[in-house]
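What follows is one structure encoded as structure tokens, with my remarks underneath.
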């Protein structure tokens, strides 16, 4: 079962946290895990994993963001991207349950043409790593942005984050279990 944790202290996400065993080293959570925290997000081009953003000279900034980082083992990069998209879909679903109309374009969530999220999946030597960030406040972003609190009225960020992580963890577990209940077929 994937472990989850909401980190109470603010953490400035700078990109270096998207590293193997960052969760284990900092929070003593070993194995597949997803953590969430709030804080400023400022990822300079030198720390960016998304080569397209580097080529386009598009650093990431948010004055206040809800970040999710997950590390999962025994997963290849393509499956990691599928899991990243699953996380995005779960967030979209939760927002829609709260009456928010959300457009998903790949791994981006858009509200009225304004960007709510950033997300990337990558592979280390031992695991896949995913960072997904949701603006809490939209002011100061380098692109037209939307925020959970500033535009969408979601004020209990911790409750929202806990529900996202719970659903994601349960969905991954359910997918793994679904693979154990079928018999193989031979042509």
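Results for (1) crowded, with 17+ Cβ neighbours inside 10 Å; (2) modelled with pLDDT of 95 or more, shown as yes or no for each residue.
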position: 128; (1), (2): yes, yes
position: 151; (1), (2): yes, no
position: 180; (1), (2): no, no
position: 187; (1), (2): no, no
Cβ contacts < 8 Å: first residue free of Cβ contacts under 8 Å to residues at least 60 places away in the same chain and at negative phi, restricted to segment 74-91; second residue surrounded by 15 or more Cβ atoms within 10 Å (Cβ to Cβ) and assigned to a helix (DSSP H, G or I), any location; separation 6+ or different chain. Result? 75/83
Matching residues in segment 4-15 - criterion: being over 26 Å from residue 54 (Cα atoms) and part of a strand (DSSP E or B): 4, 5, 6
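Table: residues versus (1) touching a strand residue (DSSP E or B) at 6+ places or on another chain (Cβ under 7 Å); (2) modelled with pLDDT under 95; (3) within 15 Å of residue 145 (Cα to Cα); (4) not in a helix (DSSP H, G or I).
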position: 34; (1), (2), (3), (4): yes, no, no, yes
position: 71; (1), (2), (3), (4): yes, no, no, yes
position: 78; (1), (2), (3), (4): no, no, no, no
position: 88; (1), (2), (3), (4): yes, no, no, no
position: 92; (1), (2), (3), (4): yes, no, no, no
position: 104; (1), (2), (3), (4): no, no, yes, yes
position: 110; (1), (2), (3), (4): yes, no, yes, yes
position: 120; (1), (2), (3), (4): yes, no, no, yes
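For segment 133-153, does any single residue satisfy the condition of being over 14 Å from residue 62 (Cβ atoms) and either assigned to a loop (DSSP other than H, G, I, E, B) or touching a helix residue (DSSP H, G or I) at 6+ places or on another chain (Cβ under 8 Å) (or both)?
Initially, segment 133-153 is screened for residues over 14 Å from residue 62 (Cβ atoms), giving 152-153.
Okay, now just the ones that are also either assigned to a loop (DSSP other than H, G, I, E, B) or touching a helix residue (DSSP H, G or I) at 6+ places or on another chain (Cβ under 8 Å) (or both), so 152-153.
Yes: segment 133-153 contains one or more residues that are over 14 Å from residue 62 (Cβ atoms) and either assigned to a loop (DSSP other than H, G, I, E, B) or touching a helix residue (DSSP H, G or I) at 6+ places or on another chain (Cβ under 8 Å) (or both).
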Report yes if residue 39 is under 22 Å from residue 153 (Cα atoms) and in a loop (DSSP other than H, G, I, E, B), otherwise no. no
Matching residues in segment 41-64 (within 18 Å of residue 148 (Cα to Cα) and either out of contact with any strand residue (DSSP E or B) (no Cβ under 6 Å at 6 or more places or on another chain) or surrounded by fewer than 15 Cβ atoms within 10 Å (Cβ to Cβ) (or both)) number 0
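In segment 16-31, how many are assigned to a loop (DSSP other than H, G, I, E, B), in contact (Cβ under 8 Å) with a residue 40 or more places away in the chain and surrounded by fewer than 21 Cβ atoms within 10 Å (Cβ to Cβ)?
Going residue by residue through segment 16-31, those that are assigned to a loop (DSSP other than H, G, I, E, B) are 16-21, 28-31.
Next cut, in contact (Cβ under 8 Å) with a residue 40 or more places away in the chain only: 17-21, 31.
Pick out the ones that are also surrounded by fewer than 21 Cβ atoms within 10 Å (Cβ to Cβ) and you get 17, 19-21, 31.
Going through segment 16-31 one residue at a time, the tally reaches 5.
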Evaluate the following for residue 175: is it exposed (fewer than 14 other Cβ atoms within 10 Å of the Cβ), out of contact with any helix residue (DSSP H, G or I) (no Cβ under 8 Å at 6 or more places or on another chain) and not in a loop (DSSP other than H, G, I, E, B)? yes
Return yes or no: is residue 119 surrounded by fewer than 22 Cβ atoms within 10 Å (Cβ to Cβ), within 12 Å of residue 67 (Cβ to Cβ) and without any contact (Cβ under 8 Å) to a residue 40 or more places away in the chain? yes
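The values are calculated or read from the model by the stated rules, or taken from the named source; none is laboratory data. Source: prediction; values computed, not measured. Backbone-built Cβ (ideal geometry, glycine too); neighbour counts: all protein chains shown.
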